[in-house]
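To start, the structure under review is shown below, and the notes come after it.
The values are calculated or read from the model by the stated rules, or taken from the named source; none is laboratory data. These figures come from a predicted structure and were not determined experimentally. When we count neighbours, we look across all protein chains shown, and the Cβ atoms used for this are built from the backbone with ideal geometry, even at glycine. Just the protein is used for accessible areas: all its heavy atoms, side chains included, with ligands, DNA and RNA removed. Shrake-Rupley method; radii C 1.70, N 1.55, O 1.52, S 1.80 Å.
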Amino acid sequence: MTSTIKSDHVHAYGAQDAHQPLEPLAINRRQPGAHDVQIDIAYCGICHSDIHQVRSEWAGTLYPCVPGHEIVGHVTAVGSQVKDFKTGDLVGVGCIVDSCRECEECKDGLENYCDHMVGTYNGPTQDAPGHTLGGYSQRIVVDDRYVLHIRHHKDQLAAVAPLLCAGITTWSPLRHWQVGPGKKVGIVGIGGLGHMGIKLAHALGAHVVAFTTSESKRADAKALGADEVVVSKNADEMAAHQQSFDFILNTVAASHDLDAFLTLLKRDGTMTLVGVPAKAHPSPQVFNLVAKRRTLAGSMIGGIPETQEMLDFCAQHNIVADIEMIRADEINQAYERMIKGDVKYRFVMDCATL
Ligand code: NAP
Ligand code: ZN
Ligand code: ZN
């Protein structure tokens, strides 16, 4: 396959500062080096982290900011030292495009915890403009160590994109805390991450309870694989599950009362936070932790080997995200809808519309 996009004229969508809507931008990509894979991007998922970052809700956003770390596409060129990828391959890129490769985390395949991890956007780079630019673009060039094989059918490609962040961010803690048969598992918040959490926990054989603030998602949650659904605003429904969970994965993108969920854990249970709201949660009551030797934990995306493991598991079990496709120029409306929890369940940008 030959590419028609020139490396120095890649169309993208991004923002010039925290208070501006996203707009069309022209960006450069480097020529592929010896270890690089050049990818023409077909689709890019829209993660809530994109909104936090581009609006500078977390410290340190660098502008121009081109978000996007749920990237899928085709290889259009490879460097001379690349052995594992060839032109035409279906590939993905998630949240990581580089790391130190030498620390304990990198050696363990947990590049996500490397102190020098380079994010797919907003990470330091030699390339102009001095920081990485993400997947709301036509093309990306990435070192082969951070490129993933996609073994789903090519017709599923758009719905595979969200696996590169929402999939791995839920898979990694579900595996780390050994979710499987005989375990009662809660997934809090049914958005991009949460809906993948339900599908994956179900596929791993756990008894899955979905928690939502949206009555309208009750039926959907069952279809996604939840055995039970709780509308978390309903005190009686919450009370029915006191002290019964082995593990809860909390994906909520906003500050909320963690104690309401901690008390649902049984002795030695763990609640892991993956949501990173702009405003801090109120501190949990220490008593709710010490009383039952409970753990409150966190988890950040996942390493490259476990991302490939998750992609292969999903290909084998025919798991993809539930998506709503958008054109590039619909991105600002999509953000507004996501903030209202109004997406079923991941927006994916058709990068052919850039
Ligand atoms: P999303 O699609 O917007 O889903 C978030 C869900 O949280 C909503 O659909 C909603 O579900 C629930 N929610 C939102 N506001 C709420 C509120 N005020 N009270 C209670 N529930 C609320 O977001 P996402 O892309 O899944 O991302 C979720 C969070 O994870 C974000 O903070 C994102 O930055 C973070 N994230 C972290 C990592 C990591 O590595 N740790 C990776 C990716 C994303 P219901 O309608 O069901 O209540
Ligand atoms: Zn993400
Ligand atoms: Zn490292």
In region 4-18, the residues that are part of a loop (DSSP other than H, G, I, E, B) and either at pLDDT 95 or above or open to solvent by less than 40 Å² (accessible area, probe 1.4 Å) (or both): 5, 7, 16, 17, 18
Count - residues of region 282-291 that are surrounded by 15 or more Cβ atoms within 10 Å (Cβ to Cβ) and closer than 16 Å to residue 244 by Cα: 2
Qualifying position, being open to solvent by less than 50 Å² (accessible area, probe 1.4 Å), within 16 Å of ligand 2 (Cβ to nearest atom) and on the phi > 0 side of the Ramachandran plot, among 68, 123, 119, 88: 68
Matching residues, region 169-189, being more than 16 Å from ligand 2 (Cβ to nearest atom) and open to solvent by less than 30 Å² (accessible area, probe 1.4 Å): 174, 179, 180, 185, 186, 187, 188
Residue in region 128-143 that is among the acidic types (Asp, Glu) and open to solvent by 30 Å² or more (accessible area, probe 1.4 Å) present: no
Selected residue (criterion: nearest to residue 148 (Cα to Cα)) from residues of region 293-328 that are surrounded by fewer than 14 Cβ atoms within 10 Å (Cβ to Cβ) and away from ligand 1 (no atom under 16 Å from the Cβ): 305
Those residues of region 252-281 which are open to solvent by 40 Å² or more (accessible area, probe 1.4 Å), among the charged types (D, E, K, R) and on the phi < 0 side of the Ramachandran plot, in sequence order: 257, 266, 267, 279
Search result, residues across region 40-59 that are under 17 Å from residue 140 (Cβ atoms) and aromatic (Phe, Trp, Tyr): 43
Filter result for residue 166 (buried (at least 19 other Cβ atoms within 10 Å of the Cβ) and in contact with a Lys or Arg (Cβ under 8 Å, 6 or more places away or on another chain)): yes
Checklist (1) touching a helix residue (DSSP H, G or I) at 6+ places or on another chain (Cβ under 6 Å); (2) free of Cβ contacts under 8 Å to residues at least 40 places away in the same chain; (3) crowded, with 16+ Cβ neighbours inside 10 Å applied to residue 228, failing item: (1)
Condition check for residue 104: within 16 Å of ligand 3 (Cβ to nearest atom) and in contact with a helix residue (DSSP H, G or I) (Cβ under 6 Å, 6 or more places away or on another chain): no
Residues located in region 237-253, provided they are at pLDDT 95 or above and part of a loop (DSSP other than H, G, I, E, B): 240, 241, 242, 243, 244, 251, 252
